[in-house]
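Undergrad: Here you go, one structure.
The values are calculated or read from the model by the stated rules, or taken from the named source; none is laboratory data. Here the structure is a predicted model, which is why all the values come from computation and not from measurement. Reconstructed Cβ throughout: ideal geometry from the backbone, glycine too, with neighbour counts over all protein chains shown. Just the protein is used for accessible areas: all its heavy atoms, side chains included, with ligands, DNA and RNA removed. Shrake-Rupley method; radii C 1.70, N 1.55, O 1.52, S 1.80 Å.
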Amino acid sequence: MAEPKLVLALPKGRVMDDSLRAFGRAGLRLAPPESERAMRYDAGDAMVTLMRNADVPTYVELGVADAGVVGKDVLLETGARVYEPADLGFAACRLSLVRPRGATGTVERVATKYPRLATEYLRRIGSSAEVVKLTGNVELACLTGLADAVVDVVQTGETLRANGLEEVDVILRSSARFVVNRAALKLRGDVLRPLIAALRDLPGAR
Amino acid sequence: MGAPPDGTRFVLPDAAARRVQVVTSLRDLFHGWGYDLVEVPSLERYDPSHPRAGQSFKLSDRDSGVLALRSDFTPALAQLVRLAHPAVAGGAARAIRYQYAGSVWHAIDPELARTREFTQVGIELVGVSSARADAELIHLARESVRTVGLVPRVEVGNPGFVRSAFASAGIPLPLHAACADAIDRKDRSDLADLLTPLQIEREAQRAVLAIPDLYGGIETLDLARRAVPWPAAHRELDRVAGVLREFEDDSDLMVDLSMARRLSYYTGITFRAYTLDFGQPLLGGGRYDGSLLPAAAGFSIGLERLMRALTRRSATVEPPPRVLSLDDPGARALRDAGVRVVRALSTELAAARLEASERGIPYLLVAGALEAVAERGDDLGALEAILEARGEGPRG
């Protein structure tokens, strides 16, 4: 009986392009999707499912996908119980506390796409600020006065500077991780272990 | 009203029948190996030192005491043993084999396929501690998966190995939890970040960094012996090797020496069972000598997860009963022979025929004779023989 193909969960967008390239260098030949709308396709050496990055941990934890690629920030936010055997190095960013430039008063309300990590951070530094969950463009919350600070991903800091905001504290550093379903690593180790070893050996990865 | 509370659910006939069938086959398996069925209360006195105290549903008692819904069978069975077998609970070497099945409740966020009320079926082997006893449990874990029709893969670990390696490597105690967590996630990069700032030898660092990858077939034990130099850690490997030596056929056994973060009461070897093409473990267990009892080990199967693994393969539907009856004595004879017979709601023949065809019941039993309502099945002869055998077969 032929083993079924590996199922990979990838976030749409740049991380998908970087992931396909990384898998290719690691010896897994994967074709890009034929259309923008593709959700699930046979990519050659594996089946690829495409989704929002926050959904990748769910698909992998429940074993609908055997493995996937997702940022460490998202992984920590969802708290998914998956294996994280390789740090792919790309999509590097910081999760930071951001405030309007020069702001000094106490933080009362924080807007974020990462309510769990933001709450953990605020409790750790002894702040009792309330956390408001938003789904996009949280900097706007700061500019409009909805919140007096935001917890969000910062890559270069350009967007912040252009909008009169500044990075006050770095909460964690994130990069793309290769994540694997806990049962799949044991049951499909023949395919996954060589792949993990090859991914760890790529430049910038570990 | 309407929907039941979050994380609980109703079970409809097809699913309920399949669940009973699976539980029965597991009970029979355990019974055949000498495990006696016991029951423990669903209500317990709330105890903040209970391993799952943080997840327990609490209730207030009449006298202002606090009760908790059962959240785990193992501590409850340990309590039963302490009451019913004080000598064994005091350390006497005498094997007690118990099995159980029932609901447990966890007060958690019912997210990601986790329900708050679920069913556990399991066994405990109390009063003995040996590789032979561990092997009996691992064998039964494997047979449990087989007996319900799935292909098992059982994985054995020993959290003592990681603990011992940390101690020998000189990792400071406050960092053990974070390092164990990184190893449990097989996250070598995170582990490296934790180890790098420490003042420990390169050799020791390299050995600890190898641990996340120490999983696979039983050859993993030899790899571990080469990767990790410390005699204390080797003794923990010997414990796993001793259990595996008990098996003639170890082809579906696996080893994971980086199983590091488990329930607090396990002190010896631990194990899990998987089945092919299903992304979550079906059962988990281990040895907990010296924590809840002087010598004890066991495992429990999550019934809901097992059912999900089964229905992914074949969605069998409970067939309708074979006979609708207007004849109570005849119905009794058929039921005695194991045939499912439903009593007709009406004594009128036309109404009974309609009832049978609506429910998909193939035969109508009237005055000792069977009438095929839809197409005649190939078991008509067998059913008639049952009716004839009681000495008053169909007349005319």
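Undergrad: In the range B:340-360, what residues are among the small types (Gly, Ala, Ser) and either surrounded by fewer than 17 Cβ atoms within 10 Å (Cβ to Cβ) or assigned to a helix (DSSP H, G or I) (or both)?
TA: Pass one, the range B:340-360, residues among the small types (Gly, Ala, Ser): B:344, B:346, B:350-352, B:356-357, B:360.
Hits for the range B:340-360 are B:Ser346, B:Ala350, B:Ala351, B:Ala352, B:Ala356, B:Ser357, B:Gly360.
Undergrad: Which helices (runs of 4 or more DSSP H) does the range A:67-151 wholly contain that include 1 or more residues that are under 21 Å from B:Asp187 (Cα atoms)?
TA: Working: elements: A:72-78, A:115-124, A:139-144.
Correct list: A:72-78, A:115-124.
Undergrad: Further question: Using beta carbons and a limit of 8 Å, which pairs, at least six apart or on different chains, have the first residue in the range B:10-38 and free of Cβ contacts under 8 Å to residues at least 40 places away in the same chain and assigned by TED's automatic domain parsing to the domain that holds B:Glu136 and the second one open to solvent by 40 Å² or more (accessible area, probe 1.4 Å) and not in a helix (DSSP H, G or I)?
TA: Every condition considered, the pairs that remain are B:Phe10/B:Pro4.
Undergrad: Tally the residues that are open to solvent by 20 Å² or more (accessible area, probe 1.4 Å), facing another protein chain (nearest Cβ under 9 Å), modelled with pLDDT under 95 and not in a loop (DSSP other than H, G, I, E, B), restricting the search to the range A:187-206.
TA: Residues meeting the conditions: 1.
Undergrad: Report whether or not B:Glu143 is within 14 Å of chain A (Cβ to nearest Cβ) and not β-branched (Val, Ile, Thr). Steps first, answer last, please.
TA: Numbers: within 14 Å of chain A (Cβ to nearest Cβ): no; not β-branched (Val, Ile, Thr): yes.
No.
Undergrad: Considering only the range A:1-16, how many residues are over 22 Å from A:Gly63 (Cβ atoms) and either at pLDDT 95 or above or among the small types (Gly, Ala, Ser) (or both)?
TA: To start, the set of residues in the range A:1-16 that are over 22 Å from A:Gly63 (Cβ atoms) comprises A:13-14.
Retained after the next criterion (residues that are either at pLDDT 95 or above or among the small types (Gly, Ala, Ser) (or both)): A:13.
Matching residues across the range A:1-16 total 1.
Undergrad: Right, here's the next one. What pairs can you find where one residue is in the range B:212-233 and in a helix (DSSP H, G or I), the other is open to solvent by 40 Å² or more (accessible area, probe 1.4 Å) and not hydroxyl-bearing (Ser, Thr, Tyr), and their Cβ atoms are less than 8 Å apart, with a gap of 6+ or different chains?
TA: That search, which allows pairs on different chains as well, returns B:Pro212/B:Arg188; B:Asp213/B:Arg188; B:Arg225/B:His234; B:Ala232/B:Ala167.
Undergrad: On to the next question. Look at A:Arg173 and say whether it is of a type outside the set (Val, Ile, Thr) and within 14 Å of chain B (Cβ to nearest Cβ). Walk me through how you get there before you give the answer.
TA: Working: of a type outside the set (Val, Ile, Thr): yes; within 14 Å of chain B (Cβ to nearest Cβ): yes.
Taking the combined requirement at face value, the residue satisfies it.
Undergrad: Scan (1) buried (at least 17 other Cβ atoms within 10 Å of the Cβ); (2) away from chain B (no Cβ under 14 Å); (3) of a type in the set (Gly, Ala, Ser); (4) touching a Pro at 6+ places or on another chain (Cβ under 9 Å) for the single condition A:Ala118 breaks and write down its number.
TA: Against the list (1) buried (at least 17 other Cβ atoms within 10 Å of the Cβ); (2) away from chain B (no Cβ under 14 Å); (3) of a type in the set (Gly, Ala, Ser); (4) touching a Pro at 6+ places or on another chain (Cβ under 9 Å), A:Ala118 comes up short only on (4).
Undergrad: Confirm whether A:Val168 is open to solvent by 70 Å² or more (accessible area, probe 1.4 Å), more than 14 Å from every other protein chain (Cβ to nearest Cβ) and part of a strand (DSSP E or B).
TA: Working: open to solvent by 70 Å² or more (accessible area, probe 1.4 Å): yes; more than 14 Å from every other protein chain (Cβ to nearest Cβ): yes; part of a strand (DSSP E or B): yes.
Here the answer is yes, as A:Val168 does meet what is asked.
Undergrad: On to the next question. Applying the selection to the range A:42-60, what residues are open to solvent by less than 50 Å² (accessible area, probe 1.4 Å) and more than 14 Å from chain B (Cβ to nearest Cβ)?
TA: A:Ala43, A:Gly44, A:Ala46, A:Val48, A:Leu50, A:Met51
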